[in-house]
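Down below is the structure, laid out as structure tokens.
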Amino acid sequence: MKRDLGIVSVLWLVLIGVGLVLAGFDVLPETHSDKGADVRHAWETLVLMAVPVMAFVIAVLTYSFLAYRRRGEPAEDGPPHTGRNWVPKVWFVLTGALSAVVIVYPGLVGIDAVMKKNDTTDIVVKLQATKWRWIVQYPDQNVTTLKELVLPVDKHVRFEIQASDVLHSVWVPAFLLKVDAVPGKTTYLEFKTTKTGSFEDNEAMRLQCAELCGRDHATMQLPVRVVAATEFDQWVADLGGEPGLKPSVAKSKPGGHSGH
Amino acid sequence: MVTTGNEAALRTAPPRQAPAYGEAVHAGHQMPKSKRAHINRVALWMFFFSESFMFGGLLAGKFYLAGAGHDAHLDQFLGLLITSILLLSSVTAYQAETAIKHGKTGQCVAWLFLTIVFGAIFAVGVGFEWATAHFSVHEPFGTAFFAMTGIHAAHVISGVFMLVLIYRLVRRGRFGPDHYWPVEATVKYWHFVDVVWVFFYPALYLTTW
Amino acid sequence: MTDAVAHAHGAAGGDGPAYTGWYAAGRMARGVAWAAVGFALGVALLAVVRNITGHDGWSKEASICAGYLLALPGWLFGMGMWDGWGREWFGHKVKHAPSDWGRYFSFCHDHKVIGIQYLATFVFLFLFAGLFAMVIRWQLLSPNGAILTNAQYNSVMSMHGTVMIAVAVAGVAGSFGNYILPLQLGADDMAFPRLNAMSFWLIPPVAVLLLAALPMGGWDTGWTAYPPLSTTNGTGQLMFNLAIITFGLSSILSGLNFICTFIFMRAEGMTWSRIPVFSWSLFAMAWIALLFTQLFAVSLIMVTLDRVAGTSWFNATHGGQPLLYQHVFWFYSHPAVYIFVLPAFGIILEILSHLSRKPLFAYKWVVGAFFGILGLSGIVWAHHMFTSTMDARLLKPFLITTELISIPTGLIFLAALGTIWQGKLWLRVPMLFALGEVFNFLIGGVTGIFLADLPTDIHLQDTYFVVAHFHYTIVGGEIFALFAGIYFWYPKITGRMYNERLGQWHFWLMFLGFNFTFIPMFWPGIQGMNRRIAEYTPDLQNINIVVSVMAFILGASFLPFVWNMLASLFRGERAQANPWRARTLEWQTTSPPPVENFPVPPLVTGGPYDYGVPGAAVHAAPAYSAAAGD
């Protein structure tokens, strides 16, 4: 009994070590938005919490598989282990505590972070989703394009999203954010760009429809570029628009992504 | 010593005669009649429980889609009339069940007949409501109204159909105080359909902003 | 003794017809014919009604609905419900199904026959939908799509998803639920044998409708059928709706039957604390099937009404609310995953206890956990809608309830680990599958936390991370248990032993193939590959090739399985009544059991898992020894 517990404990610690090494690899795409950073923190926290839990189950499972196996039919019964009612109680409390932690952080705290409304809005982009393309409008710059989504870096952005036919979903993997486009209502996504980049360097820099919308759902995508403010002005000017950001005071609209 | 559960035959009861295949597959027939009736009754209630989830879903859908309002053009008098008739039909159905329990086949037939008539009037009333409605199926309230009354009416019509079937069998004297489960089941179903309307009627006719 | 069983099955057919093959074929043909008549009648009735009410004379989809409404009872009554049930309503004597092999193709009331019907049907459907998975993986070998057009891909993907969900719903519960539940409880059949047969014979129309959708262009909405896409696409969608509503009806009736069987059909002495855990899991599962399935039907009825009657549940231009569908749909479809895994947990806990020769650890806690899951399952649905732009006030409550589900699930892990701890592990194929299931479900559960947690879900929703996650829970969690159950109960059901070596090959190929397919699949999801796409960005090609190749190995792992099952049926070693020396009641009768299950009504005198407990009473006396005198 003691020997079994000892070996499993050692195995558990070893597996935790392995898990922590694996957790060190960065698997998320390079992040270009402030809320993406919040998502990243949530991800990392959850991974760290998952490692000991998974390591424990795998340790017990592996050890039992190797140590308790019998060649052929077991000749006798195992120990019945009656009268250990404290074990499920302790387990219940532990798992309860663990899920309470997950609920509070990154859960509830994270919701507040990623649903937060921008204090100011530097640039408004209207995204019109229709089978199977995106229409990108910059109302303040008076620019409309079907070719790419360009955003200035370090600015507070608000997407105003509408769908004209079926459900679509706005997802820029490099922003780590997503919100559906629903016919009949306008939905919003607010965040701040934090880093320049383009689709050519990083395929996660694309606006991808993430909600099944029919035949060409897979290719309903646009390249995304986050550029310096001057470069953005230049791009606007090239398209015949009116360069310059016009920080509009956010009207009384719900932040993050929400309805009506 | 390994315990497998196979060592001792503790049972002392004599072996049961192995039935022929056809009989064995009628397991229900081997149990006491009272137990069979009890199981049937519980199962019927569980079926209602299940159905109430469907009607509850429709009700929730109505409030989600069309809010807590009703269309001003609804014929309130007609609504109240058919609701009263449906409620009345529950009373007559109950009388029919009581009558057959006491072996009064003639009374049962009469009450069943009344129930069928009331049920049919209700169905016709709903049809009239549909035909004269001032709102269309293309708007939120109309969507909820036609869908809910339609699905409820389908239950009413199936109930009337079963009542007619039972009516014929009662007239032939197939049921008595010791065997009236089909009557009871049909009447209970009828009560259930009635209760559903008790929820649908206020939701569709009475609630306001 | 085996001869006696064969005798009971074969010759003592009572009033069964003589040429049973022809009889069954004739009944099937009659079912099809009556269905055709019903269909024509429904179409004609609708045309008359439409003419009277002043509509255009003809509407394709409405006609299909009306026709199907009458075709379905036509099929059921024609194929045997009239002979075996309906005649009784009109005072005639019922006719029974044939008693030899023809009964597997007939409206037979025997729960063992129905269990086998379910098992064969759903293993076949599993392999069928598995082929579609192979096509999907072939397509994704190339970022531009290797073989299919986008439209074809959507149909293939939707077919794979839908059929696999059907397999997940009824594959375990329908087959082992029907076969094993009455045996474990010591009953001679289900509470409602005829209703049970009806539940099964509702399944063939489902398969026919889904197949019929393919020549109509299929449906491109996946198994979730989100409107407005599903209210505006081709007629294949209508076939899907009708099929799934029918399937739901079958599910509800089965659920009702399981609950009544569990409560009322238990043998003498089978007190609540002596009921085997698999039966408990079915009981908890059955409530979900009974209650929540109705909402699935409601959601698809709404879609159908939008299509054929012009209502505007989801048509935004007329004030409809597309999000309403998601609420109603997930209100069923999240609990549905517990329809999948609860019986799966039951099977693996059962096997872990019997084959480690130890009592099931924390038995009462496990039963409590089943009901905890059952209770929580109804209040977590909106975690599928974190990015759907539903009311923001709903986010936090649903995050909390969702995370709470990990507590009862954790108890099931405790029971699994506590049971094998210091046991005497008999590593036969079912045991391997059970241990593999625990490992797989661990990964499925832990990755679920990332999806239950809104901040990470907002990135991962609708990506291959989700695809990998639910394959871990459904395939890893349930299908592994399905195979564990197949190997575990194969000797009981067929009276023959499966081939151990082939079974081991199957397990290791499947276990490794599965894990090496789906572990890598998390990666493209995190990196930005969304799900349900026929083409993807070229950067992710290498990982997709790895996934595809591993998936082909996973697919190949079923070849030894199929061969094993078929060959062992004829050439397998004759199985003893109780090859695993297990205590539960299904092993205390012959393999296969006689028609009436137990020649002597069993008397239950002890707990089902008291292995090694000093002085424990036997769970129940073996019924065959009293009957056959050995």
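Assorted remarks:
- Restricting segment A:32-82 to residues that are small (Gly, Ala, Ser) and part of a loop (DSSP other than H, G, I, E, B) leaves a set whose member that is nearest to A:ASP201 (Cα to Cα) is A:GLY72.
- Segment A:211-232, subset in contact with an Asp or Glu (Cβ under 9 Å, 6 or more places away or on another chain) and in a helix (DSSP H, G or I), residue nearest to the other protein chains (Cβ to nearest Cβ): A:ALA218
- Selection count where residues are polar (S, T, N, Q) and more than 8 Å from chain A (Cβ to nearest Cβ), scope segment C:442-468: 1
Conditions tested, residue by residue: (1) within 14 Å of another protein chain (Cβ to nearest Cβ); (2) in contact (Cβ under 8 Å) with a residue 60 or more places away in the chain; (3) within 26 Å of A:GLY214 (Cβ to Cβ).
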site	(1), (2), (3)
C:LEU183	yes, yes, no
C:TRP219	yes, yes, yes
C:THR224	yes, yes, yes
C:LEU242	no, yes, yes
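- Annotation note: of C:ALA24, C:ALA29, the sole residue that is assigned to a helix (DSSP H, G or I), loosely packed, with under 14 Cβ neighbours inside 10 Å, at pLDDT 75 or above and more than 14 Å from chain B (Cβ to nearest Cβ) is C:ALA29.
- Verdict on C:LEU127 being part of a helix (DSSP H, G or I), modelled with pLDDT of 95 or more, out of contact with any Gly (no Cβ under 7 Å at 6 or more places or on another chain) and within 30 Å of B:TYR167 (Cβ to Cβ): no
- C:THR246 vs. criteria assigned to a helix (DSSP H, G or I), assigned by TED's automatic domain parsing to the domain that holds C:ALA582, surrounded by fewer than 24 Cβ atoms within 10 Å (Cβ to Cβ) and touching a residue at least 40 places away in the same chain (Cβ under 8 Å): yes
- Taking segment A:167-210 as the range and being touching a strand residue (DSSP E or B) at 6+ places or on another chain (Cβ under 7 Å), in a loop (DSSP other than H, G, I, E, B) and more than 24 Å from A:ASP112 (Cα to Cα) as the test, the residues that pass are A:LEU167, A:THR196, A:PHE199, A:MET205.
- Residue count for segment A:13-31, restricted to those that are farther than 13 Å from C:HIS459 by Cα and surrounded by 19 or more Cβ atoms within 10 Å (Cβ to Cβ): 2
- Selection within segment A:1-24: residues that are farther than 23 Å from C:GLY423 by Cα and not aliphatic (A, V, I, L, M). The member of this set that is modelled with the lowest pLDDT is A:GLY24.
- Residue pairs meeting the criteria (Cβ under 6 Å; at least 6 apart or on separate chains; first of a type in the set (Phe, Trp, Tyr), in segment A:76-105; second part of a helix (DSSP H, G or I)): A:TRP91/C:LEU414
- Filter result for C:PHE439 (farther than 30 Å from A:ASP180 by Cα, more than 7 Å from every other protein chain (Cβ to nearest Cβ), part of a helix (DSSP H, G or I) and of a type in the set (Phe, Trp, Tyr)): no
- Qualifying position, being away from chain C (no Cβ under 12 Å), surrounded by 19 or more Cβ atoms within 10 Å (Cβ to Cβ) and over 22 Å from the mean Cα position of the chain (by Cα), among A:VAL150, A:VAL60, A:VAL136: A:VAL136
- Taking the numbered list (1) modelled with pLDDT of 95 or more; (2) crowded, with 20+ Cβ neighbours inside 10 Å; (3) hydrophobic (A, V, I, L, M, F, W, C) in turn, B:ILE157 passes all entries but (2).
- The set of residues in segment A:1-25 that are facing chain C (nearest Cβ under 10 Å) and not β-branched (Val, Ile, Thr) comprises A:MET1, A:ASP4, A:LEU5.
- Across segment B:84-95, a minimum of one residue is classified as buried (at least 19 other Cβ atoms within 10 Å of the Cβ), in a helix (DSSP H, G or I) and of a type in the set (A, V, I, L, M, F, W, C).
The values are calculated or read from the model by the stated rules, or taken from the named source; none is laboratory data. Source: prediction; values computed, not measured. Note that we place each Cβ from the backbone using ideal geometry, even for glycine, and neighbour counts take in every protein chain shown.
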